[in-house]
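To start, the structure under review is shown below, and the notes come after it.
The values are calculated or read from the model by the stated rules, or taken from the named source; none is laboratory data. Keep in mind that this is a model prediction, so the values were computed, not measured. Here Cβ is always computed from backbone atoms with ideal geometry, including for glycine, and neighbour counts include all displayed protein chains. The accessibility values were calculated without ligands, DNA or RNA, using every heavy atom of the protein model including side chains. Shrake-Rupley method; radii C 1.70, N 1.55, O 1.52, S 1.80 Å.
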Amino acid sequence: MPQAATLAYTQPAYSAAVEKTLGRKPQLFINGEWVDSSHGALLDVEDPSTGKVISQIVDASEKDVDRAVAAARIAFDDGRWSSLPALQREKTMIRLAELIEANADELAELEAIDNGKPKSIAGAVDVPGAANQIRFMAGWAGKLAGETPTPYGLPQGATFAYTLREPVGVCAQIVPWNFPLLMACQKIAPALAAGCTLILKPAEQTSLTALRLADLVAEAGFPAGVINIITGLGETAGDRMVRHPDVDKVAFTGSTDVGKLIGRNATDTMKRITLELGGKSPVIVMPDVDITQASQGAASAIFFNSGQVCVAGSRLYAHRSIYDRLLEGLAEATPRWVPRPALDPAAQMGPLVSSEQYDRVMGYIEAGKRDGASVVIGGDSPSNDGYYVNPTVLADVNPQMSVVREEIFGPVVVAQRFDDLDEVAKAANDTCYGLGAGVWTRDISVMHKLVSKIKSGTVWGNCHTVVDPALPFGGYKQSGIGREQGRQGIEPYLETKTVFIQL
Ligand code: NAD
């Protein structure tokens, strides 16, 4: 592992396009226009690669939220979006995807300096992923349909019965800071395809790409009020969105604690809710694997995006017969993941998003050590500037330790041994979460046995963190309610109306 003194932690200069965006007046995008906040409060924007303040955004007031909800309500109720031909809605969404692609380089750089992820990763994963979310869902706009079931208890031919699918209404959409643009587009895409209007709030730590998205929304030609994008704190602006009586649906991605709170608050007015929450995903490695491949897979399962991934493979279970060799392989795979500034072209992993997140992750590592875990790799920070944490592997852990039970959301994996399938399936399921799981084996029978035993929304075989807009994503247990993406992803944005007509 390179030592701190050998690495340069200098963030390369920002591009002119990004400097221009950073210098803009902090405003909110409401009813198709950039508007000032009612109270002028601002939040600092930090570059996590340096810890320096680089811009400011609006901290929206309750009045600002009310204004955005009113715009979305009017735009929904007068049908300016939902009553358009589906073809036109689809075309407008596709235009937005094209504009994202046309501005990909700037968006990737903005994401990198706001979140800390390497620009190369944002350019390869986040930005194309965001455009694809919109492209995929745009296709559903023209393919939604009700049914004509034959009534069961009524005389044939006496009644004509059918169902209609209608947009659910005004949606409040709240996203976290780990994949800001991608999550924003994952949220807005099904709402738009269904004919809903929306208010989107990015996380206060990472709002830059959502604000830039608002420019592209205006350029794409969405009617005013269909997409409103506001920035601000979760406890104030986010809370107001969740409780607002004119909001019909809340879609939230974030921590399980906040998700529970939002679920309770939204239920007061019976809003529809979908929640995509935390995880503590197991990675199970059987003895028949190619050790080099499995070690590299286990490393990227936890170190990708600095471990700030809801499905990060943060609990590694290796069969006793290969445990030592797998840990050696992990050590060999780790130098690739040494953190670097987000604009460094060599970076595979950047800093954590904020000083709070840095303290949280280092706090967990210290707690693990106090509880008796041993640090096999990393466990420290390579620089005093920015929020860098070295890739970390902890061993000699037990299931009661906080590092094993709780979501750390950093580049920290706990390694454990197992002897047989039932034992490892039980251990993998010994968590309140159920978001993702990885299984590494060449034995197809073992693979299927584990797939059926593991309680989780996604199981990966010989890979990890693969997602696709056509495949549903979501959690079992306390990892959430509902699914995003795929056919299932549009369902929460639709109501079903049953019609009986006496003939
Ligand atoms: P967080 O819950 O702190 O914040 C997420 C969002 O909720 C932010 O926009 C925040 O402003 C807002 N918020 C906070 N308090 C609120 C309140 N009382 N009312 C309304 N809104 C409020 O989460 P985070 O730290 O930004 O993100 C990390 C978490 O997100 C992790 O737990 C991770 O597992 C989870 N996550 C889950 C998925 C998934 O698809 N399941 C994806 C990414 C992240």
**Study point:** Nearest-10 value in Å² for the accessible area of PHE76, using the 1.4 Å probe
**Key:** 40
Exercise for review: May I ask you to order 258-270, 233-245, 197-209 by the average number of other C-beta atoms within 10 Å around their residues, highest value first?
Suggested key: 197-209, 233-245, 258-270
Practice item. Please list, in chain and number order, the residues 5+ apart from GLY461 or on another chain whose amide H is under 5 Å from its amide H, with Hs placed from the backbone. Key: VAL439
Point to revise | Residue-averaged 222 nm ellipticity for the chain, from DSSP H runs of 4+ at -39500 (n - 2.57), nearest 500 | key: -10500 deg cm²/dmol
Review point. In debye to the nearest 20, how big a dipole does the chain give about its Cα centre with +1 on each Lys and Arg Cβ and -1 on each Asp and Glu Cβ?
Key: 1080
Check your understanding: Looking at the chain, what % of the alpha carbon pairs are farther apart than 43 Å?
Key -> 18
Practice item. Give me the distance in nm between label points sitting 7 Å out from Cα along the Cα-to-Cβ direction at LYS426 and HIS39, one decimal. Key: 5.4
Review point. Using r as the Cβ-Cβ distance of GLU366 and THR148, and R0 as 60 Å, what FRET efficiency do you calculate, to the nearest 0.05?
Key: 0.45
Check your understanding: According to the square roots a ≥ b ≥ c of the eigenvalues of the Cα gyration tensor, what is the shape class of the stretch 50-123, taking rounded for a/c under 1.5, prolate for a/b larger than b/c otherwise, and oblate for the remainder?
Key -> oblate
Check your understanding: If we sort 315-321, 424-430 on the protection proxy, mean other Cβ atoms within 10 Å, highest first, what's the order?
Key -> 315-321, 424-430
**Study point:** Probe 1.4 Å, accessible area per residue of the stretch 396-492, Å²
**Key:** 44
Study note, to complete from the structure: Once the in-chain neighbours fewer than 8 apart are removed, the lysines whose Cα is under 23 Å from LYS91 read LYS143, LYS187
Point to revise | Compactness index (Cα Rg / 2.2 N^0.38 Å), the stretch 19-69 | key: 1.26
**Study point:** Listed residues LEU42, LEU330, LEU87 arranged by accessible area, highest first, probe 1.4 Å
**Key:** LEU87, LEU42, LEU330
Exercise for review: Please work out the FRET efficiency for the pair GLU19 and PHE160, using the Cβ-Cβ distance as r and a Förster radius of 60 Å; give the result to the nearest 0.05.
Suggested key: 0.45
Practice item. Whole number in Å², please: accessible area per residue of the stretch 114-167, 1.4 Å probe, ligands, DNA and RNA not counted. Key: 47
Exercise for review: Leaving ligands, DNA and RNA out of it, work out the accessible area of MET362 with a 1.4 Å probe and give it in Å² to the nearest 10.
Suggested key: 40
Check your understanding: How do 173-182, 102-111 rank on mean C-beta neighbours within 10 Å, highest first?
Key -> 173-182, 102-111
Review point. What are the ³J(HN,Hα) values, in whole Hz, obtained from phi via the Karplus relation 6.51 cos²θ - 1.76 cosθ + 1.60 with θ = phi - 60°, for each residue of the stretch 490-498 in sequence order, with x given for Gly and Pro?
Key: 8, 3, x, 9, 10, 9, 10, 10, 9
**Study point:** Relative contact order (%) - the chain, alpha-carbon pairs under 8 angstrom, separation at least six
**Key:** 19
Exercise for review: Can you tell me the relative contact order of the stretch 29-106? Whole percent, Cα pairs under 8 Å, sequence separation 6 or more.
Suggested key: 22
Revision key, fill the gap. Surpassing 22 Å at the alpha-carbon level, of the pairs LYS63/LYS260; LYS453/LYS477; LYS260/LYS477; LYS25/LYS52; LYS201/LYS280; LYS201/LYS271, are LYS63/LYS260; LYS201/LYS280
Practice item. Work out, step by step, the length gained on full extension between SER402 and LYS497: first 0.36 nm times the residue separation, then minus their alpha carbon distance; give nm to one decimal. Key: 29.5 nm
Point to revise | Sulfur and carbon atoms: percent of accessible area, the chain [1.4 Å] | key: 52
Practice item. Note the direction-averaged projected area, equal to a quarter of the hull surface, for the Cα convex hull of the stretch 212-302, in nm². Key: 9.7
Check your understanding: At 37 °C and 0.692 mPa s, what whole-number value in µm²/s does Stokes-Einstein give for the translational diffusion of the stretch 322-419, with Rh from the Kirkwood sum over Cα pairs?
Key -> 234
